[in-house]
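To start, the structure itself, in structure tokens.
The values are calculated or read from the model by the stated rules, or taken from the named source; none is laboratory data. These figures come from a predicted structure and were not determined experimentally. Note that we place each Cβ from the backbone using ideal geometry, even for glycine, and neighbour counts take in every protein chain shown. Please note that ligands, DNA and RNA were not included when accessible areas were found on the heavy atoms of the full protein model with its side chains. Shrake-Rupley method; radii C 1.70, N 1.55, O 1.52, S 1.80 Å.
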Amino acid sequence: MALQTSVEYRYFLTDLLTNSVISEIPFKSVSYQRVNRRAGEFSGDIPFIEATKGLDIYEATMPGRTGLYVMRNQVCVWGGIIWSRSYSVESKTLSVSASEFTSYFYHRNLWQTLQYGSEFIGIASYAVSSGVGTITTEVPHGFVVGQKVKITFTSPIVDGVQTITAVPAANQYQFTTASANGSGPSTSGACRSLVDTYDFARDLVYRVATDLGGINFANEVIKPAKELQGSVISKRRSAGVVTLRTASAHEAVPGQEIEVVEVGSGLDGLHVITEIPDSTTVRYELSGADLAEASLSGIRSLNVVQKQLVDNVATITLDRAHGAAVGQTVILDGVDAFYTGRLDTTFNGRFTITGIPSATSFTFVSGGILNVGASAVAGGIATFGSKFIYGDFGSFTSNADIGILFENLTQSGSYQDTQIFRGFEQRSVGEVLETYSNTVEGGFEYRVDCDYDFDTAQFTRTFKILPIDRSESPAGAVYTAEELGADQIVFEYPGNISTFSIEESAEDAATRFFVVGSIEDLNDAASQPYAGASAKDLLDNKTGRSWPILDQVETLDKIEDELTLYSYAKDYLYESRPPIGKYSITVNGSLAPIIGSYFPGEWCSIIIDDEFVRQRLANDQEPRDDILIRKIGSYTVTVPDSPTFPESVQLELVTDWKVDQSGN
């Protein structure tokens, strides 16, 4: 075991948005942690004295907008965000706390409604001919080539997960199949699109970077307040840059998404502001021929005097002629009111004009269910004309992207039920990712790894998805250290292990595990679906004393299928086999394998020359009788202040519930 005798740590602070280095701080009393799924912590101190004044410590360590990177011998071993700091007047010491970049996901909410996968669509008929399956749906399906779809209750020759190869019509799609020829009508068949679990995770990270930009709200009712308008009075395009001037000062900022409406010349649509030359001008990039500056009408606001709704068609009457045309956009505000004891929300919002009954009235299609008779309106406003619309709520793309890249675009080949996240729920991306990755079939782990590119002189942040090996161990055997890669990371006592202890407990262990699901529409008195699994090899132990019944239970929301619940029960049972063994192990970070050469999620071998451990290996608690093999769950590094190393590394080791079936 070679000892690294020369170890240098350096700590760089960067602007979180631009990733530019703003300072290098010689922190003391440093500790940092790497972990999957969650965010490992960092802590460090720096004297706030005259000698450190030139480091601009106050501004450089500003919580919430500062990145921090830890370099060990020119290798980036940690990266994250400073979230808090505390200062002691007595010691004149500033203590800084940071978390890995995955912590940013917990500070970003899903404020728009997102749907992954579709609802079920009825199937009218099916056919298979010469290796091509064709599905005809009852309504237009909206699927595209390359999408995965799941077909159910139609026919064995088409049921299952299929990949769309062609879309001959709006209500048809095709796929390749090895099934025999056949066809027929369908009375109970249905299909829906699926999303790969890895694609789902990457899309959530992408949505963080774009602040959910480029997504139109399904309707005005679910849109948050407040929406603002800029009255556009001139337009121009030069060298692919569009310039719009407004009649009065606007509140938009660079990087904000706006929707340009009724400006024309191909300039309308969703765009991101690239420049704000002054308070009445915005610019955005849009390729196309140059356009000379032209004047526009801007926003015209007229008073609404009457409203009516008949069979989803709304009619609005104004106090004077509007001059609008069919196909133009109108924005209504202050028209809705309490009507017959309910809030009438069928008129306010943005609509496309479908008819012009008179010079002072227009019609549009409304989502209102109940008809509303012709009634007077006081205080309602209708606005027409050239404008850009933006929300005080966003999107703010330039302030959302912290430069997290994807390692690759590989897929898991696993799919989950349709996922819907509603904006008003305000769920954090971190919460969604952590829960989803831990409960979806197959499961996966993830983390953000950091590196330093010496060619570009830039730190990088890469989102990595780590598959969880759910494959059963070989029949009648267990995986070897070589098969798991554990032979590459070996910790020994005596040797690079400084301290080692075992805590065994049956407090939270189980020989039988129940999982309870939920059907949302059931009342409290109704029975919810549930399933149980038992460890029969422990209840009837062939190699030692049998175990008593030890029960544990877990509840999973929105899972109705009992076979799925049973699968989860077996998984949780493997994780809870008694006694649950917790290893505490501290290693010398400067002895091979050194810090930076291993990561959370990798397997390691542990060789302990101790009688207690030998007896555990000889018992039925471990599947191997010569070596302990565990997965690295996380590790925490403590860096000494003096040049005398080694670093101390506290390892958290976890058991894979299928590789090590005989013990925990």
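Which ones in the range 542-557 are surrounded by 11 or more Cβ atoms within 10 Å (Cβ to Cβ), part of a loop (DSSP other than H, G, I, E, B) and under 25 Å from the mean Cα position of the chain (by Cα)?
Leu556
Quick check on my filter: what residues within the range 307-335 are outside any strand (DSSP E or B) and crowded, with 19+ Cβ neighbours inside 10 Å?
Residues satisfying the conditions are His322, Ala324, Val335.
Out of all the residues in the range 249-262, which are surrounded by 17 or more Cβ atoms within 10 Å (Cβ to Cβ) and within 13 Å of Tyr390 (Cβ to Cβ)?
His250, Ala252, Gly255, Gln256, Glu257, Ile258, Glu259, Val260, Val261
Is it the case that the range 470-482 has a residue that's in contact with a helix residue (DSSP H, G or I) (Cβ under 9 Å, 6 or more places away or on another chain) and modelled with pLDDT of 95 or more?
Within the range 470-482, none of the residues are in contact with a helix residue (DSSP H, G or I) (Cβ under 9 Å, 6 or more places away or on another chain) and modelled with pLDDT of 95 or more.
Only one residue in Ser183, Ser193, Ser188 is in a strand (DSSP E or B) and open to solvent by 40 Å² or more (accessible area, probe 1.4 Å). Which one? First the steps, then the outcome.
Numbers: Ser193 fails: open to solvent by 40 Å² or more (accessible area, probe 1.4 Å); Ser188 fails: in a strand (DSSP E or B).
Result: Ser183 is the single residue among Ser183, Ser193, Ser188 that is in a strand (DSSP E or B) and open to solvent by 40 Å² or more (accessible area, probe 1.4 Å).
In the range 273-289, which residue that is of a type in the set (S, T, N, Q) and part of a loop (DSSP other than H, G, I, E, B) is nearest to Ser231 (Cα to Cα)?
Thr280
Those residues that are β-branched (Val, Ile, Thr), closer than 29 Å to Thr113 by Cβ and either more than 36 Å from the chain's Cα centre (by Cα) or part of a strand (DSSP E or B) (or both), I need them from the range 246-265; list them, please.
Within the range 246-265, Ile258, Val260, Val261 meet the criteria.
Inside the range 107-164, can you point out the residues that are without any contact (Cβ under 8 Å) to a residue 12 or more places away in the chain and either open to solvent by less than 20 Å² (accessible area, probe 1.4 Å) or of a type in the set (Val, Ile, Thr) (or both)?
Within the range 107-164, none qualify.
So which strands (runs of 3 or more DSSP E) are wholly in the range 402-458 and hold at least 3 residues that are among the charged types (D, E, K, R) and touching a residue at least 40 places away in the same chain (Cβ under 8 Å)? Steps first, please.
Values: elements: 404-406, 419-421, 444-453.
Ranges flagged: 444-453.
Evaluate the following for Thr345: is it under 24 Å from Ala225 (Cα atoms) and either at pLDDT 85 or above or part of a loop (DSSP other than H, G, I, E, B) (or both)?
Numbers: under 24 Å from Ala225 (Cα atoms): yes; either at pLDDT 85 or above or part of a loop (DSSP other than H, G, I, E, B) (or both): yes.
Answer is yes for this residue.
Can you work out which of the residues in the range 63-102 that are open to solvent by 40 Å² or more (accessible area, probe 1.4 Å) and among the aliphatic types (A, V, I, L, M) is farthest from Pro640 (Cα to Cα)?
Filtering the range 63-102 for residues that are open to solvent by 40 Å² or more (accessible area, probe 1.4 Å) and among the aliphatic types (A, V, I, L, M), the one farthest from Pro640 (Cα to Cα) comes out as Val89.
Yes/no matrix, rows are residues, columns are (1) open to solvent by 70 Å² or more (accessible area, probe 1.4 Å); (2) modelled with pLDDT of 90 or more:
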site	(1), (2)
Gly394	no, no
Ala400	no, yes
Gln411	yes, no
Ile420	no, no
Val432	no, yes
Tyr446	no, yes
Cys450	no, yes
Thr460	no, yes
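Please go through the range 284-297 and give me each residue that is farther than 17 Å from Gly269 by Cβ and open to solvent by less than 40 Å² (accessible area, probe 1.4 Å), ordered by number.
Once the filter is applied, which keeps residues that are farther than 17 Å from Gly269 by Cβ and open to solvent by less than 40 Å² (accessible area, probe 1.4 Å), the range 284-297 yields only Ala294.
For every residue, the table says whether it meets (1) touching a His at 6+ places or on another chain (Cβ under 8 Å); (2) open to solvent by 20 Å² or more (accessible area, probe 1.4 Å); (3) closer than 30 Å to Gly160 by Cβ.
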site: Asp199; (1), (2), (3): no, yes, yes
site: Leu204; (1), (2), (3): no, no, yes
site: Lys223; (1), (2), (3): no, yes, no
site: Ser234; (1), (2), (3): no, no, no
site: Ser238; (1), (2), (3): no, yes, no
site: Ala247; (1), (2), (3): no, yes, no
site: Gly264; (1), (2), (3): no, yes, no
site: Leu267; (1), (2), (3): no, no, no
site: Ile273; (1), (2), (3): no, no, no
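Give me a count of the residues in the range 565-601 that are hydroxyl-bearing (Ser, Thr, Tyr) and either open to solvent by 50 Å² or more (accessible area, probe 1.4 Å) or assigned to a loop (DSSP other than H, G, I, E, B) (or both).
7
Which condition number does Asp392 fail, the rest of (1) touching an Asp or Glu at 6+ places or on another chain (Cβ under 8 Å); (2) under 21 Å from Glu602 (Cβ atoms); (3) of a type in the set (Asp, Glu) being met?
With (1) touching an Asp or Glu at 6+ places or on another chain (Cβ under 8 Å); (2) under 21 Å from Glu602 (Cβ atoms); (3) of a type in the set (Asp, Glu) applied to Asp392, the lone miss is (2).
Taking Arg300, is it surrounded by fewer than 20 Cβ atoms within 10 Å (Cβ to Cβ) and farther than 30 Å from Asp211 by Cα?
Judged against the criteria, Arg300 is a match.
Confirm whether Ala218 is at pLDDT below 95, open to solvent by 30 Å² or more (accessible area, probe 1.4 Å) and small (Gly, Ala, Ser).
Here the answer is yes, as Ala218 does meet what is asked.
Can you tell me which residue within the range 602-614, out of those that are open to solvent by 60 Å² or more (accessible area, probe 1.4 Å) and in contact (Cβ under 8 Å) with a residue 12 or more places away in the chain, is nearest to the chain's Cα centre (by Cα)?
My answer is Glu602.
Spot the failing condition for Thr243; the list is (1) exposed (fewer than 15 other Cβ atoms within 10 Å of the Cβ); (2) in a strand (DSSP E or B), and only one is missed.
The one condition Thr243 does not meet is (1).
Exactly one condition in (1) assigned to a helix (DSSP H, G or I); (2) in contact with a Lys or Arg (Cβ under 7 Å, 6 or more places away or on another chain) is false for Thr52; which is it?
(2)
I'm told Lys536 meets every condition in (1) touching a residue at least 24 places away in the same chain (Cβ under 8 Å); (2) open to solvent by 100 Å² or more (accessible area, probe 1.4 Å) except one. Can you identify the failing condition by its number?
Just one mismatch for Lys536, condition (1).
Within the set of pairs 6 or more residues apart or between chains, which connect a residue that is modelled with pLDDT of 85 or more inside the range 557-583 to a residue that is open to solvent by 90 Å² or more (accessible area, probe 1.4 Å) and not small (Gly, Ala, Ser) with Cβ atoms less than 7 Å apart?
Pairs that qualify, where the first residue is modelled with pLDDT of 85 or more and the partner is open to solvent by 90 Å² or more (accessible area, probe 1.4 Å) and not small (Gly, Ala, Ser), are Leu565/Tyr530; Ser576/Asp508.
When you check Phe42 against the structure, is it of a type in the set (Phe, Trp, Tyr), under 24 Å from Asp211 (Cα atoms) and either open to solvent by less than 70 Å² (accessible area, probe 1.4 Å) or assigned to a loop (DSSP other than H, G, I, E, B) (or both), yes or no?
In short, no.
Could you list, in sequence order, the residues of the range 500-533 that are open to solvent by 60 Å² or more (accessible area, probe 1.4 Å) and at pLDDT below 90?
Glu503, Glu504, Glu520, Asp521, Leu522, Asn523, Asp524, Ala525, Ser527
Considering the range 221-240 alone, what residues qualify as being in a strand (DSSP E or B) and in contact (Cβ under 8 Å) with a residue 60 or more places away in the chain? Give the derivation first.
Quick first cut of the range 221-240, residues in a strand (DSSP E or B) only: 227-238.
Matches in the range 221-240: Glu227, Leu228, Gln229, Gly230, Ser231, Val232, Ile233, Ser234, Lys235.
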